[in-house]
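A quick write-up on the structure given underneath.
The values are calculated or read from the model by the stated rules, or taken from the named source; none is laboratory data. Because the structure is a prediction, the values reported are computed rather than measured. Note that we place each Cβ from the backbone using ideal geometry, even for glycine, and neighbour counts take in every protein chain shown. Please note that ligands, DNA and RNA were not included when accessible areas were found on the heavy atoms of the full protein model with its side chains. Shrake-Rupley method; radii C 1.70, N 1.55, O 1.52, S 1.80 Å.
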Amino acid sequence: MSGMPRAREAEDLAARALDWLLRHARETETGPQWPHVPSGEETYRYLYHGSLGVIAALVEGHRHFGDDRYAEAALRGTRATIALYEGADDCTLQNGLSGFAYVMRGVGRHLGDAEAAAASKRALESIRERFDGTGWLWAGRRFFELFYGNAGTALAALACEDVDLAVTAVEPFLAYDLAEEPDPEPTLRYMHQATGKPHHIGHGTLGAAYALIATGHASGRTDLVDHGLTGVHDVIGRNEGGEDDFLVTFMTPPNDPKPPFRYGWCNGVAGDAQVFRLLAGLTGDPTWSSYVDRCWHSITTSGLPARLHPGFWDNSGRCCGTAGVLALACDRMAETGEGGDFAEVLLADMAARATVDDEGARWSHHDHTDGTDLEPQLGWAHGNAGIVPELLRYARLATGREGDYAIRVPHQPAAQASGQATSVSTGSA
């Protein structure tokens, strides 16, 4: 099966996945919200595993299918989410006002919703007011990384075309040596007590570098670009993959035993490639394109999406699994005309791992430590909300249609055909 049949399969899976999201909405006094998992009693407003990610997926579904059910649910969810973010003091991308601002901007632009657009502007002003001269605290600590720190806030600001706020967010990076210290507090408690310096886009050096380079380009600040490049070159110097590959371990110094290479978006090769895509598009330098090629070679020869051994490739999600790799495959389809064959491999695996019944479609990640499948999730990072946009984008590209997203994530450059310049604005299409 290839081409048109695979595109239809992707659309069918996405439609069923959207139906599953609608089925598991929880009505509140102000409108629908979504839990982390169907059995959960609590709902969440977050992008990472809550309502913001679901709203973005519903907007994507409406743009692709033209089904007003998705627009109605997105708008009703938007009303409820706006109420939940009034007075919020969390400014992060994944949990807080930064993620809220860029999703609301996308809702406003795609669905023509003035209230969402206004809420986005208020959120940006609140973030600006809460800046303390260095950044913003999250959970009582200071971070510079993409998920919970300055880098993510900068990229969300760029997605909303607020270049001044992006500059405010990344200027404190100039006081830190990205080759030594990508974060003021580099020991990350939430990473299973890991120690050492993270390198990749979600929590490490490349996430900070991406924000610096994108912001520096948008603002004409070469000092920001140059500082970001020091981080990129530091990570390049850690490549253990040889001439054809790009493979950098998760952390340094390594845990015991040495951590394996990772291939997903947040802490692995698929995310590394997005930084090199940004640089290739901004500079036109074929050296950066060669690093994208190396990342692609490492991914396509790794054995994924097969479960080669316990703990290898047990996730179908956007953050750490197959959907995040599919995002890069679709970038490659759009930019070079290649990648379609491997995208079909990824799609076939996602179809095989999906649970599809009268309730819709969803994906259960596998816990290799006890051999069980986990409860399906709804949100962007590990659930349907992150998978749906990638399925729909593949379907469009595979049938010669437009290949951007309705609401593109702020850490993925717009795909540009060879010879075109990349825009650092990552907002709505």
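Could you check how much of the accessible area of segment 290-429 is carbon and sulfur, as a whole percent, using a 1.4 Å probe? On segment 290-429, the fraction of accessible area on carbon and sulfur atoms equals 48 percent.
Work out, step by step, the length gained on full extension between Asp341 and Ala118: first 0.36 nm times the residue separation, then minus their alpha carbon distance; give nm to one decimal.
Working: separation 223, 0.36 × 223 = 80.28 nm, distance 4.25 nm.
Length gained between Asp341 and Ala118: 76.0 nm.
Think of it as helices only: each DSSP H run of n ≥ 4 in the chain is worth -39500 (n - 2.57), and spread over all residues that comes to -15500 deg cm²/dmol at 222 nm.
In segment 1-68, what percent of the accessible surface is made up of carbon and sulfur (1.4 Å probe, ligands and nucleic acids excluded)? Walk me through the numbers on the way to the answer.
Working: 1310 of 2950 Å².
Carbon plus sulfur share of accessible area: 44 percent.
Over the chain, accessible surface divided per residue gives 37 Å², non-protein components excluded, 1.4 Å probe. One Cα centroid belongs to segment 19-93, the other to segment 262-321; the line between them spans 29 Å.
3J(HN,Hα) along segment 140-146, derived from phi through the Karplus expression 6.51 cos²θ - 1.76 cosθ + 1.60 where θ = phi - 60°, amounts to x, 10, 10, 10, 9, 5, 6 Hz, with x in place of Gly and Pro.
When the Gaussian network model of the chain links Cα atoms closer than 10 Å, the mean-square fluctuations of Val356, Val275, Val235 top out at Val356.
Do you know the relative contact order of the chain, to the nearest whole percent, from alpha carbon pairs under 8 angstrom that are 6+ apart? Before the final figure, lay out each step's value.
Working: 872 pairs, mean separation 83.0, N = 429.
Once divided by the residue count of the chain, the mean separation gives 19 percent.
Residue ranges 263-271, 338-346 sort as 263-271, 338-346 when ordered by packing (mean number of other C-beta atoms within 10 Å per residue, highest first).
For segment 218-334, what's the relative contact order in percent, using C-alpha pairs closer than 8 Å and at least 6 residues apart? Walk me through the numbers before you get to the answer.
Values: 116 pairs, mean separation 25.6, N = 117.
Relative contact order here is 22 percent.
Ranked by the mean number of other Cβ atoms within 10 Å of their residues, highest first, the peptides 388-400, 368-380 fall in the order 388-400, 368-380.
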